[in-house]
Amino acid sequence: MAGRSLGISRRRRWTPRALAVLALASAGGADAQDMPDMPKVAPSPIACPATPAALPAELAGWNPRTALSAGADARSAARLEPGRAVDGGLRATPQVRFALRPEKPGGSVSFGGIYAFSVKAAGKYRVALGSAAWIDVVKDGAAVTSIAHGHGPDCSGIRKMVDFTLEPGEYLLQISANPEAKLPLLVTRLP
């Protein structure tokens with residue numbers, strides 16, 4: 001029965017250990033290095049140069065970055081400056097008190113944190129991340145709806161980009177479900 005619920009062919013004889021590892025992997029609780037008898041992920045077919053790729057003007061602030069640790073709650077949120085990237089230091093998820101429960105909060109072994117930023121001019125803004133962490137932009141206790149999602153340019157180190165239409169005011173950027181305690185990130189205004 002367990003094999004069928006994981007979508008595994010019943011023709012192959014699966015050991016209890018293999019089924020347990022597959023169950024962990026499908027639930028997001030394990031990765032290839034935790035599974036020595038599972039195939040490793042193939043490397044990217046793109047060979048990146050030693051120097052970072054040239055970025056469009058709106059992402060020019062991605063390099064270089066400065067270190068900035070996230071806050072554990074809205075009152076201790078670290079302040080971001082739009083247009084300047086940071087190497088964000090995150091906290092273990094159980095230590096974070098989100099202003100608004102994230103749609104994907106992550107588990108007890110994931111990382112998250114809270115940043116604050118100000119918008120002076122209305123327009124479209126982009127949050128760029130070096131991982132696939134979940135983000136929420138929050139204003140006045142409510143999540144702001146995103147208008148676009150995408151990936152960064154090849155070889156840039158930008159894994160995920162999410163765009164928002166923002167009005168002048170104060171915002172929180174909640175990071176959740178990140179697999180590591182560090183995360184490069186940038187909030188920037190689009191032309």
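The values are calculated or read from the model by the stated rules, or taken from the named source; none is laboratory data. Everything numeric in this text was worked out from a predicted model, so none of it was measured. Using ideal geometry, Cβ is built from the backbone for each residue, glycine included, and neighbour counts are taken over all protein chains shown. Accessible surface areas use protein heavy atoms only, side chains included; no ligands, DNA or RNA. Shrake-Rupley method; radii C 1.70, N 1.55, O 1.52, S 1.80 Å.
Side notes on the structure shown:
- Residue that is within 22 Å of Ser76 (Cα to Cα) and touching a Gly at 6+ places or on another chain (Cβ under 7 Å), where the choices are Val119, Val187, Val127, Val137: Val119
- Within segment 131-173, the set of residues being in contact (Cβ under 8 Å) with a residue 40 or more places away in the chain and within 19 Å of Arg65 (Cα to Cα) comprises Ser131, Ala133, Gly152, Pro153, Asp154, Cys155, Ser156, Gly157, Ile158, Leu173.
- Gly112 being touching a strand residue (DSSP E or B) at 6+ places or on another chain (Cβ under 7 Å), at pLDDT below 95 and under 17 Å from Lys182 (Cβ atoms): no
- Sole residue being open to solvent by 20 Å² or more (accessible area, probe 1.4 Å), in a strand (DSSP E or B) and either farther than 14 Å from Leu172 by Cα or among the β-branched types (Val, Ile, Thr) (or both), chosen from Ile147, Ile135: Ile147
- Matching residues, segment 60-79, being open to solvent by less than 40 Å² (accessible area, probe 1.4 Å) and in contact with a Lys or Arg (Cβ under 8 Å, 6 or more places away or on another chain): Gly61, Ala70, Ala72, Asp73
- Phe98 being hydrophobic (A, V, I, L, M, F, W, C), surrounded by 19 or more Cβ atoms within 10 Å (Cβ to Cβ) and not in a strand (DSSP E or B): yes
- Here Gly113 meets each of (1) open to solvent by 60 Å² or more (accessible area, probe 1.4 Å); (2) in contact (Cβ under 8 Å) with a residue 60 or more places away in the chain; (3) not polar (S, T, N, Q) with one exception, condition (1).
- Any chance Ser156 is closer than 25 Å to Ala60 by Cβ, buried (at least 17 other Cβ atoms within 10 Å of the Cβ), among the polar types (S, T, N, Q) and more than 14 Å from the chain's Cα centre (by Cα): yes
- Some residue of segment 29-47 being part of a loop (DSSP other than H, G, I, E, B), at pLDDT 80 or above, in contact with a helix residue (DSSP H, G or I) (Cβ under 8 Å, 6 or more places away or on another chain) and farther than 19 Å from Asn178 by Cα: no
- Tally, over segment 80-95, of residues that are open to solvent by 40 Å² or more (accessible area, probe 1.4 Å) and either farther than 22 Å from Ser146 by Cβ or among the aromatic types (Phe, Trp, Tyr) (or both): 4
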